[in-house]
Amino acid sequence: MQQLAFKMKLYAGKAQEYQKRHDEIWPELAALLTESGISDYYIYLDEETNTLFGTYKVADIDALAVLPQNPVMQKWWLYMSDIMDSNADHSPVSSRLVKMFYLP
């Protein structure tokens, strides 16, 4: 099991909408993530910078490679693209973060 972390950028004034959309996450998206081996998925917001910080565990990191082609994931990205920095394919602009410390 690997733990991964990433950051994304939320548009100013969109925190409440971002929270609402995730509170109402689509069951098919939650199922897709779980079926892909993702667990313990958290997203935090730095309110000063509108930076989203996420972390999750994944059983098989190679299983993540198919997510971008999944129609449910593509539909979610499009749905979220109006409130956060997004790429041309509507995926969020995201940067993987490097683990620097761990206290078991």
### Message
When the expected Rg is taken as 2.2 N^0.38 Å, what fraction or multiple of it is the alpha-carbon Rg of the chain?
### Response
1.07
### Task
Beta carbons within 10 angstrom, averaged per residue: use that to sort the peptides 22-29, 45-52, highest first.
45-52, 22-29
### Query
Relative contact order for segment 1-85 using alpha-carbon pairs under 8 Å, separation at least 6, rounded to a whole percent?
45
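Bear in mind these aren't lab numbers, they're just calculated from the coordinates by the rules spelled out. Here the structure is a predicted model, which means the values were calculated and not measured. Every residue, glycine among them, receives a Cβ derived from its backbone with ideal geometry; neighbour counts consider all protein chains shown.
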